[in-house]
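Asks: I'd like to ask some things about the structure below.
The values are calculated or read from the model by the stated rules, or taken from the named source; none is laboratory data. These numbers were taken from a predicted model, which means no experiment stands behind them. Counting neighbours? That spans all protein chains shown, and the Cβs are built from the backbone with ideal geometry, glycine included. SASA here: full protein model, heavy atoms, side chains in, ligands and nucleic acids out. Shrake-Rupley method; radii C 1.70, N 1.55, O 1.52, S 1.80 Å.
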Amino acid sequence: MKKHLKIAAFMFVIITLLIAQGFGAESQAALFKITLINHSSNVLTPVPFITHNSAFDLFNEGVAASPEVEALAENGVFSGVVDLAASSGDVLDYQVAFYNSGPLLPGKSATVTIEADELHSNMSYMSMLAVSNDAFIGGAAGDGAISLYSNGTPSSGNYLIMSQNVWDAGTEVNDELAANVPGLGGAGSIDENGVIFLPHAGIQGIGDIGPEYNWLGGNVAEVSVEVVPIPGAVWLLGSALVVFLGIRRIT
C-alpha cells in the first residue's frame, strides 16, 4: 500500500510540473503592471492602454487622425478610442489609467494591470498634453507601440518619452491661446485639416499660454512595464513541492 502511495504521489508531482510548465508555454499569456509617470510641467489626460496584434492600428504618422483619435488629442476624451478597442477582434485587453482620479499632474504616476500574449504582444496608448491645442504622447502599430514580449517571453522595461516623441495630431491650429485650450477651460481652436506628425513644436509663446507649460528639451513622460507572476503556475508548483516533501517523509 505504501509503495502504491509513493508511486501515485510521484506521478502527481510529474504531472503537476508538466501542467505548471504549460502555464508558461501555452501562448505565453501574462499580466503586466503598466505605470505612467509624468515628467513634464504639463498635464496628461487619462490614457487608454491597449494590447493587440499587428492588425490593430490606432493611428499613423502622415495620415489624418480618426474622429476617435482627434477627440482624445484635442479634448482628452478617450471614450472613442476605448470603443475602438472594445469592438476590435484584434484586441486582447484594454485599460484606462487614472480616469477616476482626473488628469495626471506633473511628477505624478498612475498604474494599471493589463493582459497580453504572444499573438497580442503590442501595446498602444494615447494621452493628451492637456495644456496644448492637439499635442499627445502615444504609440501605435508601426508608430511607437511598446512590445511586451522579447523572443516569445514576457519582458519588462522602462520607456522614456522625450520632447521629440510628442505627436501633433494635425487637427487643430496651434494658436496657444488659453481661450482655445480645453485644458484651461477653452472651447478649442479652428480646424487645421492636417495629418499626424512628429515632433510637435511645443509651446512657442505665440499666444497667452505661459512658458511653464512647455515640454521641450527634456523627458516628457515614462512608461514602466513590469511582468506580473502568474498565480496559477505558482500555486501548482507549490502543490508539487508539498507532495514532494510528503514523498520524502514516506520514504
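Asks: Out of the residues in region 199-234 that are open to solvent by 20 Å² or more (accessible area, probe 1.4 Å) and touching a strand residue (DSSP E or B) at 6+ places or on another chain (Cβ under 6 Å), which is farthest from Ser156 (Cα to Cα)?
Replies: Asn219
Asks: Go through region 163-181 and give me each residue that's touching a helix residue (DSSP H, G or I) at 6+ places or on another chain (Cβ under 7 Å) and either outside any loop (DSSP other than H, G, I, E, B) or among the aromatic types (Phe, Trp, Tyr) (or both). Working first, answer last.
Replies: Of all residues in region 163-181, those touching a helix residue (DSSP H, G or I) at 6+ places or on another chain (Cβ under 7 Å) come to 169, 171-172, 178.
The answer is Glu172, Ala178.
Asks: Taking region 87-112 as the region of interest, how many residues are open to solvent by 70 Å² or more (accessible area, probe 1.4 Å), farther than 22 Å from Glu70 by Cβ and not in a strand (DSSP E or B)?
Replies: 5
Asks: Consider only pairs whose beta carbons are under 8 Å apart and that are at least six residues apart or on different chains; among these, list those whose first residue lies in region 15-42 and is closer than 30 Å to Glu222 by Cβ and whose second residue is modelled with pLDDT of 85 or more and assigned to a helix (DSSP H, G or I).
Replies: Hits for this filter: Ser41/Glu212; Ser41/Tyr213; Asn42/Tyr213.
Asks: If I go through region 66-86 residue by residue, how many of them are outside any helix (DSSP H, G or I) and in contact (Cβ under 8 Å) with a residue 60 or more places away in the chain? Even if it seems obvious, please write down each step before you answer.
Replies: Start the filter on region 66-86 by keeping residues that are outside any helix (DSSP H, G or I), which leaves 66, 76-78.
Adding the requirement that they be in contact (Cβ under 8 Å) with a residue 60 or more places away in the chain leaves 76.
Residues meeting the conditions: 1.
Asks: Out of Asn133, Asn158, I need the residue that is in contact with a Ser or Thr (Cβ under 7 Å, 6 or more places away or on another chain), open to solvent by less than 10 Å² (accessible area, probe 1.4 Å) and either in a loop (DSSP other than H, G, I, E, B) or under 30 Å from Ala55 (Cα atoms) (or both). Which one? Let's see the steps before the verdict.
Replies: Numbers: Asn158 fails: open to solvent by less than 10 Å² (accessible area, probe 1.4 Å).
Result: Asn133 is the single residue among Asn133, Asn158 that is in contact with a Ser or Thr (Cβ under 7 Å, 6 or more places away or on another chain), open to solvent by less than 10 Å² (accessible area, probe 1.4 Å) and either in a loop (DSSP other than H, G, I, E, B) or under 30 Å from Ala55 (Cα atoms) (or both).
Asks: Restricting attention to region 182-198, report how many residues are surrounded by fewer than 13 Cβ atoms within 10 Å (Cβ to Cβ) and outside any loop (DSSP other than H, G, I, E, B).
Replies: First, the residues of region 182-198 that are surrounded by fewer than 13 Cβ atoms within 10 Å (Cβ to Cβ): 185, 187, 190-191, 193.
This time we only want the ones that are outside any loop (DSSP other than H, G, I, E, B), so: 191.
So the answer is 1.
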